[in-house]
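Enquirer: For reference, the structure I am asking about is given below.
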Amino acid sequence: MKIVFCAPAIDAQPWVARLAQAIPEAQVWPWSPAIASREADYALVWSPDDAFFAGQHRLRAVFNMGAGVDRLLGLPGLPHEVPLFRLDDAGKAQQMAEYVCHALIDHARHFDGFAAQQRAGLWRELAVEGRTAFPVGVMGLGSIGARVAQAVASFGYPVLGWSRSRKLIAGVESRAGPDEFDAFLHATRVLVCVLPLTAQTDGIVNAASLRKLKAGAYVINVGRSAHVVDADLLAQIEVGHVAGAALDVFDTEPLPGGHVFWRHPNIRVTPHIAANTGLDASIDQITAKIRAIERGEVPSGRVDFGRGY
Ligand code: NAP
């Protein structure tokens, strides 16, 4: 069995070593242009080089080393006849749940305001609204979003979830499809985006959708930057309908030094750290998926090229 690793932004050495250890019968190597024509049965990729797929003609499966496949699907030369799998969770859902609960509680309990007061040496209570005043709407109830929604619900916040198909998740009111999107927005004050980026979800957090949220809305984006129309978000903060936002993903990363988000008093910026792909958990998953394919089974996490996720 031959496995090639192509993720130019990631140090290949530990991944190749761990994979070779997990599947001892496999030959595993990091891709480079010099050996581009060396063909493999399986490929592990993350934002691979444009030339990568041109040299691979016998792949049995491609594994994307993350949950979001939007960049990969845009790559010219990606073979659509080869099954593509994304990582189901690999520890990301729990991290994402922590990120969203932290951003939500930081905002709802004014912890951000208390931090500012401490810097000013100010001892003063701030009036806090109860949890029922902050209904949370989670867009995307997949392997990550479902965990996020459950975690938020466990703190006693009212939680709605929106996805393509209806879900049964304890403590979460499920809304599904475009027909129920407006009702979902009208019932939401804190909007959390954990959607994949597709033609249908590009720019979904825009002036029209933001205006439908409850007054004093708050946006938490841990999906992709293109989900949010930045100018519309800033305009809704400006007019006071949206109180602020916690953003983890940006059109240009690192966020350029002069960007308005850096110094905006109502916007929290984090450097795309909401959830990282853990090496060990990822290797375990990829190993299990390869073993399943070798047994003739279809593992979970297969990307539907038509849906775009
Ligand atoms: P997933 O398991 O594929 O789930 C996607 C969810 O979105 C599903 O519930 C799906 O509905 C829903 N959905 C997709 N298109 C929709 C549409 N047009 N209308 C309504 N709902 C729609 O994905 P995941 O693993 O949870 O990951 C979600 C995204 O998080 C990734 O694609 C990536 O962009 C982002 N992410 C960000 C970070 C970070 O560090 N910031 C890290 C990891 C992932 P159905 O269930 O009905 O199919």
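The values are calculated or read from the model by the stated rules, or taken from the named source; none is laboratory data. Nothing here was measured: the structure is a model prediction, and the numbers come from that model. Positions of Cβ are generated from backbone atoms using ideal geometry, with glycine treated the same way; all protein chains shown enter the neighbour counts. Heavy atoms of the whole protein, side chains included, go into the accessibility calculation; ligands, DNA and RNA do not. Shrake-Rupley method; radii C 1.70, N 1.55, O 1.52, S 1.80 Å.
Enquirer: Sum up the charges of everything whose Cβ sits under 10 Å from the Cβ of Ala40, counting Lys and Arg as +1 and Asp and Glu as -1, but leave Ala40 out.
Expert: With Lys, Arg at +1 and Asp, Glu at -1, the neighbours total +2.
Enquirer: Give me the net charge of Pro256's neighbourhood, meaning all other residues with Cβ under 15 Å from the Cβ of Pro256; Lys, Arg count +1, Asp, Glu -1.
Expert: -2
Enquirer: Val128 to Ser165: FRET efficiency via 1/(1 + (r/R0)^6), r the Cβ-Cβ distance, R0 25 Å, to the nearest 0.05?
Expert: With R0 = 25 Å, the Cβ-Cβ based efficiency is 0.10.
Enquirer: Under a crude label model (7 Å from the Cα following the beta-carbon direction), how far is Phe114 from Phe155 in nanometres?
Expert: Roughly 1.3 nm, to one decimal.
Enquirer: Tell me, what is the FRET efficiency for Ala54 and Ala176 to the nearest 0.05, using R0 = 51 angstrom and their Cβ-Cβ distance as r?
Expert: Given R0 = 51 Å and the Cβ-Cβ separation, E is 0.80.
Enquirer: Over every pair of different alpha-carbon atoms in the chain, take the mean of 1/r and invert it; report that Kirkwood radius in Å.
Expert: Here the Kirkwood hydrodynamic radius works out to 20.9 Å.
Enquirer: Here is a follow-up. To the nearest 10 Å², what's Ser209's accessible area with a 1.4 Å probe?
Expert: 10
Enquirer: Another question, if that's okay. With a 1.4 Å probe and every protein chain left in place, work out the accessible area per residue of the range 92-269 in Å², rounded to a whole number.
Expert: 48
Enquirer: Would you mind checking the range 122-150 for residues with the amide N under 18 Å from a putative spin-label position 7 Å along Cα→C-beta of Gln200?
Expert: 138-146
Enquirer: What is the percent carbon and sulfur in the accessible area of the range 92-269, measuring with a 1.4 Å probe over the protein chains and ignoring ligands?
Expert: Ligands and nucleic acids excluded, carbon and sulfur give 55 percent.
Enquirer: Can you give the convex hull volume of the alpha carbon atoms of the range 157-309 per residue, in Å³?
Expert: 152
Enquirer: Based on DSSP H runs of at least 4 residues, each adding -39500 (n - 2.57), what is the mean residue ellipticity at 222 nm of the chain after dividing by all its residues, to the nearest 500 deg cm²/dmol?
Expert: Computed ellipticity for the chain at 222 nm equals -8500 deg cm²/dmol.
Enquirer: Starting from 0.36 nm per residue, how many nanometres of slack lie between Asp304 and Val82 once their C-alpha separation is accounted for?
Expert: Full extension from Asp304 to Val82 adds 78.8 nm.
Enquirer: Also, quick follow-up: Relative contact order (percent) for the range 92-269, with alpha-carbon contacts under 8 angstrom and 6 or more residues of separation?
Expert: Once normalised by length, the contact order is 17 percent.
Enquirer: Can you give the local net charge around Asp284? Use residues other than it whose beta-carbon is closer than 12 angstrom to its beta-carbon, Lys and Arg +1, Asp and Glu -1.
Expert: Summing Lys/Arg as +1 and Asp/Glu as -1 gives 0.
Enquirer: For a quick check of your reading of the filter: which GluC sites (Glu not before Pro) in the range 89-148 sit in a DSSP loop and have no more than 12 other Cβ atoms within 10 Å?
Expert: Answer in residue order: Glu125, Glu129.
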